[in-house]
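In what follows, a single structure is set out as structure tokens and then discussed.
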Amino acid sequence: MDINYHVELRHLRYFIYVADEMHFGRAAERLGIAQAPLSQQIKQLEERVGVQLFERTTRSVRLTHAGEVFREKALLALGNVGDGIEAARQVMGKANRKLTIGCVSPVIFTCLPEILRTFHAKRPNTRIDIKILTTDELLDAMVEGRIDVAFIRPPRAKAHLNIEHLFSEAFVGLVPSDHPLASKDDVTLHDFAELPYIAYAPILGVGYQNVVMQHARNIGVSINIVEEVGHTLGIVALVAAGMGVGIAPSWVTHMPHPGVTYLPMHDLPGDAVTLALAWPIDSTSSVVGEFVECSRAFVAEMTDRNI
């Protein structure tokens, strides 16, 4: 490319985000900047390239044919920059051979092992460090550069981070194994009416708890909360002790407990518990890119298995 065009990496990055979102407002939000500066940067890019890349109306944004071709080359260029940085570091013995992954604890029991298996096959010389934190802690750690990529619970977000939805999961009911409900194939909130109920503590489990309580109000079921705990495994422990029943995301079924029976709850939303992958917008690391692709491949395979 002729350097006289003065096209900069930020132009390419901004262009890719608008092309992905087909909406300047959403792209600006993902980038953590105002919409006006983003529009100015895209206009500047078009002036420097010398062609119109987007067709804009008051209702829509779409790529021109030139824009579609440019998008393919822009992605290639950004990838080459990342590879170039890593190659230079390799020559000087400073290649990025470590990937620090942050995650909320359920990921350890669900998708992370399989994603790591695939990633390790592609990058066997990359050392892995795993930090298990809350979503808020993970986002702060990423902004501070202490982790490279993280599995988080939306909708929390930070500026200058990519946030990509991976998958959703359903709720299950937890009952003591010697409880009469344990012999059923599934349960509903009506089955839990007036029974001692183990809930998530305020703030810590507010997302899950709000879904359950709102549904209970909608159908006129009274939930008798007798204990509140800050972690799903705390609910498991109290249910196993016979102190009540509970509701948790389905990942908990990966941790069977002899004192607890897990039962499907089809009356609750099947997509209320979501998992997303986060990584820095300005990351040029091919190691991070490879991990993101392995995560996407896992989700695609999981979707195929469920069809």
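Derivation of every value follows stated rules applied to the coordinates shown; laboratory data play no part. Note that this is a predicted model, so its numbers are computed, not measured. Methodologically, a virtual Cβ is constructed for each residue, glycine included, from the backbone with ideal geometry; neighbour enumeration extends over all protein chains shown.
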Of the options Pro37, Gly246, Leu9, report the single residue whose Cα projects farthest towards the positive end of the charge dipole of the chain (beta-carbon charges: Lys, Arg +1; Asp, Glu -1).
Leu9
Segment 171-264: relative contact order from alpha carbon pairs under 8 Å, six or more residues apart, as a whole percent, is 49 percent
Most mobile listed residue (Leu76, Leu268, Leu63) in the chain, GNM with C-alpha springs under 10 Å
Leu76
Could you put His11, His231 in order, starting from the residue whose Cβ has the fewest other Cβ atoms within 10 Å?
His231, His11
Gaussian network model of the chain, Cα springs within a sub-10 Å range: biggest mean-square fluctuation belongs to which of Ile115, Ile128, Ile101?
Ile128
For the chain, what does -39500 (n - 2.57) per DSSP helix run (n ≥ 4), summed and divided by total residues, give at 222 nm, in deg cm²/dmol to the nearest 500?
-13500 deg cm²/dmol
Which of Asn80, Asn210, Asn218 fluctuates most in a GNM of the chain (C-alpha springs under 10 Å)? That residue is Asn218
Excluding Leu63 itself, what net charge comes from residues whose Cβ is under 10 Å from its Cβ, given Lys and Arg +1 and Asp and Glu -1?
0
Between the DSSP loop rule and a limit of at most 16 other Cβ atoms within 10 Å, which GluC sites (Glu not before Pro) in segment 202-298 are left?
none
Counting only C-alpha contacts under 8 Å and six or more residues apart, can you give the relative contact order of segment 3-91 as a whole percent?
28 percent
About the Cα centre of segment 177-228, what is the dipole size in debye to 20, counting +1 per Lys and Arg Cβ and -1 per Asp and Glu Cβ, all else neutral?
220 debye
State the number of lysine pairs found in the chain whose Cα atoms come within less than 20 Å, restricting to pairs 8 or more positions apart or on distinct chains.
5
Where the only charges are on Cβ atoms (+1 Lys, Arg; -1 Asp, Glu), what is the dipole of the chain about its Cα centre, to the nearest 20 debye?
940 debye
Please tell me the relative contact order of the chain in percent, rounded to the nearest whole number, where contacts are Cα pairs under 8 Å and at least six residues apart.
22 percent
Taking every DSSP beta bridge that has both residues in the chain, what percent is antiparallel when rounded to the nearest 5?
60 percent
